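Engineer: Dropping a structure here in structure tokens format, bear with me for questions.
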Amino acid sequence: MKNCMLTLGINYSQMHDSSACLMRDGELVFAVAEERISRAKHDARFPVNAIRACLDFGRVKASQLDEVCFGWQAPGAAFRHDLKCYATRKRPATYLNGLNSTLHFLSMWHQDGGAKNFAQSFGETKARMRFVGHHAAHAISAYAYSGFEEAAVVVMDGRGAWEATSIWHARYGRLEHLLTIPFPDSVGYFYSEFTEYLGFHRNSDEWKVMGLAPYGKPGVNLREFIDPQAGPYKVHARKLVANGAGPFADIVRRLGPNRVPESEIEERHKDVAYAVQDACELAMMSVVKMALEKTKTRNLCLAGGVALNSKANGKILASGLLERMFVQPAASDDGVALGAALAPYLDSGGQLPNKAMRHAYFGPEFEDEAIESALRTYKLKYTRASDVAVAAAELLAKGKILGWFQGRMEFGPRALGSRSILADPRDPEMNAKVNNAVKFREWWRPFAPSMKKEAAAEFVESATDSPFMILTAQVKPKKRSVIPAVTHVDGSARPQTVEKQINPLFWRLIDDFGARTGVPVVLNTSFNLRGEAIVHTPTDAIRTFFSSGMDVLVVGSFVVEK
Ligand SMILES: [Fe+2]
């Protein structure tokens, strides 16, 4: 392996969440999802803007790259896999879906192929174009950022070509593949199908089902569609796919008509959400148990879109089955770029670098000069704060809803104190205020708390080391009335624990808010409007601020009040 190896990781499947990242000697330099720059949520196009941002940030030319790694199987591999399936006729039900994956990748290659597209957009490169298996890339993205020497690695998503669930044994910097459950026997597919049945967008709104679930009650039987504990689970996909009788025909026959998008949520919708979430949790737990048994370890790494289910993750962590757990914060396909870019380190018996990921601030940042220029362009009145953390804390304590735009943008779906909307969690009305006036989103979706790590044990039962809001924990009963705006109906919360040495500015804001109020916790939700990507530039922040009911924008060193 040469000195100063430059690798570019790319997620591009034409399905969702295209992204790119740059690694220098195995160290993550920069990562961004295409949607943030293009402003098209879950943008699935070739991530030309994200790649350009990687190269610009790293001051790297395409000609200097050693490897360009796509987190998706090469078309030839998909075709060979399909042929094998066909020849053995092992899984006739999955064969057609496999063929579908080959056709998908062939069309991608010929019409809009990643490698060809790369050369056209960025000029000639001597870099090796490498295709990394989708689940292998997810698995690397979990293990190589865990800091664990040995772990069971579980990947669960909708589909990665033919894969739906996979189990790996990671140790000594390498990954041993133990098991793959092929699509369409997929927990992600099951969840997405019911997300759509409930009137939401698949591959995007699964959060809404998870948030709605605690409002429902047990009793809806989904055994016809999933057996969540059958070695390790079984999804009856034939019952889920649209057939001649119309979309969701079998679900409709069993559970009644599907919900029309934007229509009222009925009790039965809540009960279905409860059952879907419950089945997902059982299936995930069943896969995790199998993985821990097969690997005989007590460390777990999780990735894949299903691993964004923070509720299930929290239950797995609290189950007592394991000692340590790392969930890749960019668990969905954007994070595949991180794993793909490290795959070259496995060549010739090599080892992956492994460093615990403690933050997600890998995106672009903007200096005060650029921010001030944007404020002037819009002819806005602003002041320069001597200490923005103190200024913001004071405003929050007065009940103001803040846009908070600072430092490098987060990689992954959560705002963690760089591109956040912040508010006072003590106000029982604040959830409704932020929902109605700012986010324009559904009443049942909870907001998350960001808390000083030192104070986490005072507020939550578990997940006291949770930098990424990817684990749900129970709020201590005595504290539920103290932070009602971030406590869900079932007493849970999805905390971010903020460390002073990781994000000193955000930590000081929370610390100062705590000194004023006695509660070192703030409500933190992503800086975007409903249906839009999280803001990327100061201009995005200004536009979003004036399109919403936020009171104050704290952007870089500047404070803008309405
Ligand atoms: Fe995936």
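Engineer: Just to be sure I understand, how many residues within the range 114-160 are of a type in the set (D, E, K, R) and assigned to a loop (DSSP other than H, G, I, E, B)? If you could, list the steps in order and put the result at the bottom.
Structural biologist: From the range 114-160, those of a type in the set (D, E, K, R) are 116, 124, 126, 128, 130, 149-150, 157, 159; that's our starting set.
If we keep only those that are assigned to a loop (DSSP other than H, G, I, E, B) as well, we get 124, 126, 149.
Counting residues in the range 114-160 that are of a type in the set (D, E, K, R) and assigned to a loop (DSSP other than H, G, I, E, B) gives 3.
Engineer: Going by the conditions given, is Gly314 surrounded by fewer than 16 Cβ atoms within 10 Å (Cβ to Cβ), more than 16 Å from the ligand (Cβ to nearest atom) and of a type outside the set (D, E, K, R)?
Structural biologist: no
Engineer: Checking the structure you have, find out if any residue of the range 60-69 is in contact with a Pro (Cβ under 9 Å, 6 or more places away or on another chain) and away from the ligand (no atom under 16 Å from the Cβ).
Structural biologist: Checking the range 60-69: at least one residue is in contact with a Pro (Cβ under 9 Å, 6 or more places away or on another chain) and away from the ligand (no atom under 16 Å from the Cβ).
Engineer: Tally time: how many residues in the range 161-180 are assigned to a strand (DSSP E or B), hydrophobic (A, V, I, L, M, F, W, C) and buried (at least 20 other Cβ atoms within 10 Å of the Cβ)?
Structural biologist: Initially, the range 161-180 is screened for residues assigned to a strand (DSSP E or B), giving 163-171, 174-180.
Narrowing the set further to residues that are hydrophobic (A, V, I, L, M, F, W, C) leaves 164, 167-168, 170, 175, 178-179.
Narrowing further to those that are buried (at least 20 other Cβ atoms within 10 Å of the Cβ): 164, 167-168, 170, 175.
Residues flagged as assigned to a strand (DSSP E or B), hydrophobic (A, V, I, L, M, F, W, C) and buried (at least 20 other Cβ atoms within 10 Å of the Cβ) within the range 161-180 amount to 5.
Engineer: State which residue is farthest from Phe30 (Cα to Cα) when the search covers only the range 325-340 and only residues that are in a helix (DSSP H, G or I) and away from the ligand (no atom under 11 Å from the Cβ).
Structural biologist: Ala340
Engineer: Which ones in the range 296-338 are closer than 21 Å to His16 by Cβ and polar (S, T, N, Q)?
Structural biologist: Start the filter on the range 296-338 by keeping residues that are closer than 21 Å to His16 by Cβ, which leaves 302-310, 312-313, 327-338.
Matches in the range 296-338: Asn309, Ser310, Asn313, Gln328, Ser332.
Engineer: Please name all residue pairs, on different chains or six or more residues apart, with Cβ atoms under 8 Å, provided the first residue is in the range 279-308 and is in contact (Cβ under 8 Å) with a residue 60 or more places away in the chain and under 14 Å from Ile470 (Cα atoms) and the second residue is of a type in the set (D, E, K, R) and within 15 Å of the ligand (Cβ to nearest atom).
Structural biologist: Final answer for the pair search is Gly304/Asp157; Gly305/Asp157; Gly305/Glu206; Gly305/Asp333; Val306/Asp157; Leu308/Glu206.
Engineer: While we're on this one: Exactly one of (1) over 19 Å from the mean Cα position of the chain (by Cα); (2) surrounded by 24 or more Cβ atoms within 10 Å (Cβ to Cβ); (3) at pLDDT 95 or above is unmet by Val68. Its number?
Structural biologist: Among (1) over 19 Å from the mean Cα position of the chain (by Cα); (2) surrounded by 24 or more Cβ atoms within 10 Å (Cβ to Cβ); (3) at pLDDT 95 or above, the lone unmet condition for Val68 is (3).
Engineer: Okay, moving on. If we keep just the residues of the range 181-228 that are more than 16 Å from the ligand (Cβ to nearest atom) and acidic (Asp, Glu), which is surrounded by the fewest Cβ atoms within 10 Å (Cβ to Cβ)?
Structural biologist: Glu224
Engineer: Oh, and also: Go through (1) within 16 Å of the ligand (Cβ to nearest atom); (2) of a type in the set (A, V, I, L, M, F, W, C); (3) modelled with pLDDT of 95 or more one by one and return the number of the condition Trp162 breaks.
Structural biologist: (3)
Engineer: Output yes when any residue across the range 341-356 is touching a Ser or Thr at 6+ places or on another chain (Cβ under 6 Å), outside any loop (DSSP other than H, G, I, E, B) and within 16 Å of the ligand (Cβ to nearest atom), and no when none is.
Structural biologist: Looking through the range 341-356, at least one residue is touching a Ser or Thr at 6+ places or on another chain (Cβ under 6 Å), outside any loop (DSSP other than H, G, I, E, B) and within 16 Å of the ligand (Cβ to nearest atom).
Engineer: Against the condition away from the ligand (no atom under 16 Å from the Cβ), buried (at least 24 other Cβ atoms within 10 Å of the Cβ) and either on the phi < 0 side of the Ramachandran plot or among the aliphatic types (A, V, I, L, M) (or both), how does Gly305 come out, does it pass?
Structural biologist: It is false that Gly305 is away from the ligand (no atom under 16 Å from the Cβ), buried (at least 24 other Cβ atoms within 10 Å of the Cβ) and either on the phi < 0 side of the Ramachandran plot or among the aliphatic types (A, V, I, L, M) (or both).
Engineer: If I ask for residues that are closer than 19 Å to Lys311 by Cα and in a helix (DSSP H, G or I), which ones from the range 433-465 would you list?
Structural biologist: Ala456, Ala457, Phe459
The values are calculated or read from the model by the stated rules, or taken from the named source; none is laboratory data. Since we're looking at a predicted model, the values are computed, not measured. In this analysis, Cβ positions are derived from the backbone assuming ideal geometry, glycine residues included, and neighbour counts consider all displayed protein chains.
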